[in-house]
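Let me begin by presenting the structure, written as structure tokens, before commenting on it.
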Amino acid sequence: MNYYKYIFLFLIVLGGTISCNLDEALEETPKDFLSPSNSFTDKSGFESALAHIYLTIRTNMYANSDSRDNFDMLGLGLDLGSNQIDNTQHNEYFQWNVFNADNSFVKKWWGRLYNWIFLANVIIERSEDINVTWESEEEKNAVVAEARFIRAFAYHFLANMWGGVPLVLDETKSPKFDYSRASQQAVYLQCKEDLEFAVQWMPTVENLPGGRAPRAAAYHLLTEVNISLEDYDGAITAATMVIDNPNFNLMTERFGQLTDFQFNGYDYQGENETWGDVYWDLFRENNMNWLEGNHEAIWNVEFDPTMVGGGNVGQWGGNFGLERWWGVIWWNQKDKNGVSNWLMDILSGRPVQGITVTDYADFIIWDYKDDWDQDIRNSKYNIQRTYYWTNPASEFYGQPMTIDNTGDPDTFYKNTKPFYKKAATAIHHNQFQDASSGQGHDNGRIYKDWYIMRLAETYLLRAEAYFLKGDGENAANDINSVRNRANATAVTAGEVDWDLLLDERARELYMEEFRFNTLLRTGKLVEQLMKYNPVVIQNGYNLGDHLNKLPIPSSEIEANSEVTLEQNPGY
């Protein structure tokens, strides 16, 4: 986390990246404040710039505001998560039947991704300045490699989600109005070129603080890019570089600080019992970083409220509110006699249910091979499916909530949908105190890191490459590596298809993978929406295949006044 001490230095540097043509007599040599000329002079200055990009990625992906919109890349409004009104009706998030180039999601992510590219290009270009002091060529290459990895990370989203987009490979120093789209193939090839440099020079995981992407992250991303290029052998080779790396392994035994954690169960009755399993351990605070002994973690963002710039600070506990926005509001219910429930806050931190699980995430993916009670990812530790009355004043104290004993039957099912405990904090920081129970809670904020890349996904990407190559046996072997850890029934070569691959990603990577990116990359967005999105189903939308690529934001087309920036078909 010390890596973030440079963040605020780079915020000042950014203000000077636009060049000016002032008379030489007015030029100054700054000596007592930071500027581009005296910041990009050695390794520490460049690392402060990298730290700023990591902060930007963390904020954009997870903590930009106190809103469910923070998580719209993770499955909100797709096949995994929905905003529900009552037991049957759902709010529209994307309005898929009229989705167009003025959609705020499209404009937001286009701008964010190109901002990452701009910041990376500044580092890449300024690394060649004659005034920079590098101790060695290797030192420079390591910094440039990390910047090129980040550039590829941004461009792979753009290529997957939009197809062909403008390739900007130099620092932008003045307004430009003549961008043109490169082909999707050209964008992927640029990603591959950047990543092949990155895997040579990026530092390895044991030499990095948490929050920074190691060399293995570049191999992981190269796997995905090679799949998109239909270079399946290249994808398999890249994934194998991570899977066979002795620094990484799937965690198969309980680990970390909470292996002895005890809890008296969701009914808050009876004796404490040992709680959790190895999958539960993967998502505990202080367990999600490679340096903390989790050798499944490849690249994670870091949140540390005890440090300046560490995130999750402020009056309301910061904006990493995954538990707040993706959990149900069971605690706020009244029983049929009008008695309010109590917030008993050990494994659920006052969620407000901006996102609820779809039927697909609720039961469809778990109704497979009779594994409902066997797959630990669906165990009581990892998904809560029953909620209890916790106020001793209630006639139903200690009993499960049911539609018959609730005071609001019309919203009962909505308010008691399953809650994936990945988001929950086991031991709260007690920034707030509940007025009814007197128990401390964090208002739904979680003070833990979050995965961007995890080894289980590397296995599933390699399985995808094997499947597309026509090697069902090895595809099944990789899927089974993940399923075996979950104590799930093995699959056979003949059972591997796109449905299984997407379902297994949902079972293993729910709330982690950038689901929007996955569905657009695979061309499966429309298919999944038509099958599993509750708004699409309840309204009977017949969606066109053009939605498998996003529209170029209309504001970008209008601003590009000197060249026509072609819109994607169908918009």
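Structure notes:
- Taken along its principal axes, the alpha carbon cloud of the stretch 241-336 reaches lengths of 58, 36, 22 Å, longest axis first.
- Fewest-first ranking of Thr411, Thr390, using other Cβ atoms within 10 Å as the exposure measure: Thr411, Thr390
- Length added when fully stretched, Asn542-Asp129, from 0.36 nm per residue minus Cα-Cα: 143.2 nm
- Over the residues of the chain, the helix contribution to mean residue ellipticity at 222 nm works out to -11000 deg cm²/dmol, using -39500 (n - 2.57) for each DSSP H run of at least 4.
- Virtual paramagnetic centre 7 Å along Cα→Cβ of Leu291, amide N under 17 Å, in the stretch 436-480: 448-452
- Across the chain, C-alpha contacts under 8 Å between residues 6 or more apart give a mean separation that, scaled by the residue count, equals a relative contact order of 19 percent.
- Amide H to amide H, with H built 1.01 Å from N, Ile452 comes under 5 Å of Trp299, Asn300, Val301, counting only residues 5 or more places away or on other chains.
- Placing pseudo-labels 7 Å out from each Cα toward the beta carbon at Gln374 and Thr252 gives an inter-label distance of 1.8 nm.
- For the stretch 200-297, with +1 on Lys and Arg beta carbons and -1 on Asp and Glu, the positive-most of Gly211, Asn264, Thr240 along the dipole: Gly211
- For the stretch 416-506, projected area of the alpha-carbon convex hull averaged over all directions, nm²: 8.1 nm²
- What the Cα convex hull of the chain gives, in volume per residue, is 158 Å³.
- Residue ranges 392-403, 130-141 sort as 392-403, 130-141 when ordered by packing (mean number of other C-beta atoms within 10 Å per residue, highest first).
- Stretching Thr88 away from Asn487 to a fully extended chain increases their span by 140.3 nm, per 0.36 nm per residue minus the current alpha-carbon distance.
- Extending 7 Å from Cα along the Cβ direction at Gln439 and again at Asn97 yields two label points whose distance is 4.2 nm.
- Listed by chain and number, the lysines whose C-alpha is less than 26 Å from the C-alpha of Lys369, apart from same-chain residues fewer than 8 away, are Lys380, Lys417, Lys421, Lys422, Lys469, Lys524, Lys531.
- Packing rank of 502-510, 155-163, where each peptide gets the mean count of other beta carbons within 10 Å, highest leading: 155-163, 502-510
- Summary of packing: across the peptides 526-536, 166-176, 332-342, the per-residue average of other C-beta atoms within 10 Å ranks them, highest first, as 526-536, 332-342, 166-176.
- Cross-link partners of Lys140 among lysines, defined as those whose alpha carbon lies under 30 angstrom from its own and excluding same-chain residues fewer than eight positions apart: Lys5, Lys31, Lys43, Lys173, Lys176, Lys192.
- Centre separation in Å (Cα based) which lies between the stretch 75-140 and the stretch 452-524: 24 Å
- Unit charges on C-beta of K, R, D, E only; dipole of the chain, Debye: 840 debye
- Relative contact order of the stretch 433-523, defined on C-alpha pairs under 8 angstrom at six or more residues apart (%): 23 percent
Only the coordinates and a few stated rules stand behind these numbers; no lab work does. Keep in mind that this is a model prediction, so the values were computed, not measured. Note that we place each Cβ from the backbone using ideal geometry, even for glycine, and neighbour counts take in every protein chain shown.
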